[in-house]
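Asks: Before we start, here is the structure in question, set down as structure tokens.
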Amino acid sequence: MLDKKGDFGFPFYFFPAVTLLVLTLVFFGIIFFVVEIGKSPNLVIRSESYQDSSKLITVLNSHTKVQQSGVNLTISELISLASEDQNYKDELTSEIKFLLDKLPRIQVGETLADVIIATPASTRETIKEGHWILEIKTNNESFLNIGETQTLANNYLEQLIFIPLSDGNLAEVKLYLNCFACKAEDIDFIA
Amino acid sequence: MYKMNKKAISIVTQWIVHLVFLMMVIAIFLGVILKIQDNRLHNLRVEAREFAFTRDMLLATSNQISYNYNIDNNISIQTNNERCLVQAKYKNQQGVPVTFFCSKNNLAQLQESAQENNIRLVKT
Amino acid sequence: MNKKGIFDILEIGIYMFFVIVVSVFIFLAAFKYLNEKIDTTNLEISLLTKRLTYSDSCLAYKDSARVHQGTIDLAKLNFNTLTNCFSKESLGYVVTVTDIAGNVLKSASNLNARQEAYLPICKNVKGYHCIKKKNLVQYYDGNETKTGFVTVEVINLVG
């Protein structure tokens, strides 16, 4: 709105407009270049796509301290035994817990979000680490659930196997990672 | 006839100038979006890697296996068996192909035969 | 030029400046998106581990009955087996098997001289990406099958 005499309104709209522009550029600059929200979704062919049930198979084939006829039973054999005799449930739980602790964990690091929200390190670790959960169902009913789930957490890397029990039925065994604030790259690393 | 005076022309001209600049920014933005949607180089890079990884996983089995790998109509894939180098390029374009190394296994054979829209991989 | 003409040029100049600033920003964001590197080292180490543990031409334990996929035969873990079963020009790797307590049982690699030199200082070497991945696995020690870990450390030429 310039005329011969100059624009008297110029200082009133120019500086706020430029400030608004700069703030917009800084905001979107942080979004695109720092937080990288615009990252191409097709960028990485995820390890998760090539995932199989190897972790669960290894857990089920692992030998336990429980012996029968002088032979150490595997986890899958102990599940079958525990489904008949509930006294073995505690031992089965401790053996599985021992193995779940050995499965790969997500490495906790500090992110921009942590800095902004000022999350204490101990809380960050609990939230971000994720927990491996093993669920066993027999006759469509829950038989054993090992591991802690977190509220509002998502499940990743799910693996499912059916194993035969000595009474002729099948037990459904499911293993998955339960995590609240895990990044896709971290999940991919342990897939 | 209605005639515009100098002041009206001045105001209209300024609005037109504003619109022109706005259109320039919008045109750049739309052009960039179109380019992103058709990222031809990226598609070639992904195709070369997917094919190399498929080959790698077929060699992981101990049994005989055959697999039909589907590819885009426009893309051709060739493998240099000596170096195990996968080369992907667009069929109707000249130029340097996108390459990616696959893994060699001296103890197993993987045969490739290219068909119309797919490549048949057979592990013996 | 009169005073009004000068003001018009200044006005157009200011507008052009801001248009250029915004356009450059859009280009930078698009350029970053289009030219992002595809780093598949994570996936490659995952596929390598599966190949090593599933294929009997690699490390998988084979008895008279069948191939035990997911069980490593320690006797097979050596340079010759690794080089014959999985070799890639851009990638070198070290395979280490440990027991459940973390004690090293056996280790072998297929690294060439350059990869062996670069591996310990990988973070500071441009164009190389190194990753170490540990998996729960079964291994056969000649007598029986036990549960342990396989750690695969990879040095990958990406740049």
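Coordinate-derived values only; no laboratory data. Source: prediction; values computed, not measured. No Cβ is skipped: glycine too gets one built from the backbone with ideal geometry, and neighbour counts run over all protein chains shown.
Asks: Starting from one equal scatterer on each C-alpha and no solvent at all, send me the Debye-based log10 I(q)/I(0) for the range C:10-108 at q = 0.12, 0.19 Å⁻¹, two decimals.
Replies: Each listed q corresponds, in turn, to -0.56, -0.96.
Asks: Let me have the 222 nm mean residue ellipticity of the protein assembly as shown computed from DSSP H runs of 4+ only, each contributing -39500 (n - 2.57), with the sum over all residues rounded to the nearest 500.
Replies: Helices in the protein assembly as shown give a 222 nm mean residue ellipticity of -12500 deg cm²/dmol.
Asks: Starting from the Cα of B:Q37, step 7 Å along the direction of its Cβ; do the same at C:D39; then give the gap between the two resulting points in nm.
Replies: Result: 3.1 nm between the two label points.
Asks: Continuing with the same structure: Compute the FRET efficiency between B:V122 and A:L21 as 1/(1 + (r/R0)^6), taking r as their Cβ-Cβ distance and R0 = 56 Å, and round to the nearest 0.05.
Replies: That gives a FRET efficiency of 0.40.
Asks: What residues qualify as long-range amide H neighbours of C:T71, i.e. H under 5 Å apart, gap of 5 or more or another chain, H built at 1.01 Å from N?
Replies: Here the answer is C:Y61, since their amide H atoms fall under 5 Å of that of C:T71.
Asks: Something else: Each label point is 7 Å from the Cα along the Cα-to-Cβ direction; what then is the distance between the points at C:E116 and B:Q94, in nm?
Replies: Using points 7 Å along Cα→Cβ, the separation is 4.6 nm.
Asks: Further, regarding this structure: In peptide C:47-57, how many Cβ atoms from other protein chains are near each Cβ within 10 Å, on average?
Replies: Averaged over the peptide's residues, the number is 5.
Asks: Where is the GNM fluctuation largest for chain B (alpha-carbon springs, 10 angstrom cutoff): B:T99, B:T54, B:T13?
Replies: B:T13
Asks: May I pose another question? Using alpha-carbon pairs under 8 Å, 6+ residues apart, how would you state the relative contact order of chain B in percent?
Replies: Across chain B, relative contact order equals 25 percent.
Asks: Once each part is reduced to its C-alpha centroid, what is the distance from the range A:143-177 to the range C:74-116 in angstrom?
Replies: With the range A:143-177 and the range C:74-116 each reduced to a Cα centre, they are spaced 33 Å.
Asks: With angles folded into 0 to 90 degrees, how steeply does helix C:3-34 sit against the dominant principal axis of chain C? Use alpha carbons for both and round to 10.
Replies: Helix C:3-34 sits at roughly 10 degrees to that axis.
Asks: Along the Cα→Cβ direction, 7 angstrom out, place labels at B:T13 and A:F33. What is the inter-label distance in nm?
Replies: Label-label distance for B:T13 and A:F33, simple model: 3.8 nm.
Asks: I need the calculated FRET efficiency for the pair A:S142 and A:E185, taking r as the beta carbon distance and R₀ as 35 Å, to the nearest 0.05.
Replies: 0.60
Asks: Roughly how crowded by other chains is peptide B:79-88, in terms of the mean Cβ count from those chains within 10 Å of each of its Cβ atoms?
Replies: Other-chain Cβ atoms within 10 Å of each residue's Cβ, averaged: 1.
Asks: Within the protein assembly as shown, what percent of beta bridges assigned by DSSP are antiparallel, to the nearest 5?
Replies: 95 percent
Asks: Order these peptides, C:108-120, A:20-32, by their mean beta-carbon neighbour count within 10 angstrom, highest first.
Replies: Those peptides, ordered most packed to least, come out C:108-120, A:20-32.
Asks: Tell me, what is the Rg over Rh of chain B, with Rh the Kirkwood radius over Cα pairs?
Replies: Result for chain B is an Rg/Rh of 1.44.
Asks: Continuing with this model, one more query. Which of these, C:G92, C:G13, C:G70, has the largest mean-square fluctuation under a Gaussian network model of chain C (Cα springs below 10 Å)?
Replies: C:G13
Asks: Still on this structure, please answer the following. Per-residue HN-Hα couplings for the range B:25-36, Karplus 6.51 cos²θ - 1.76 cosθ + 1.60 at θ = phi - 60°, whole Hz, x for Gly and Pro?
Replies: 5, 5, 4, 4, 4, 5, x, 5, 4, 4, 5, 5
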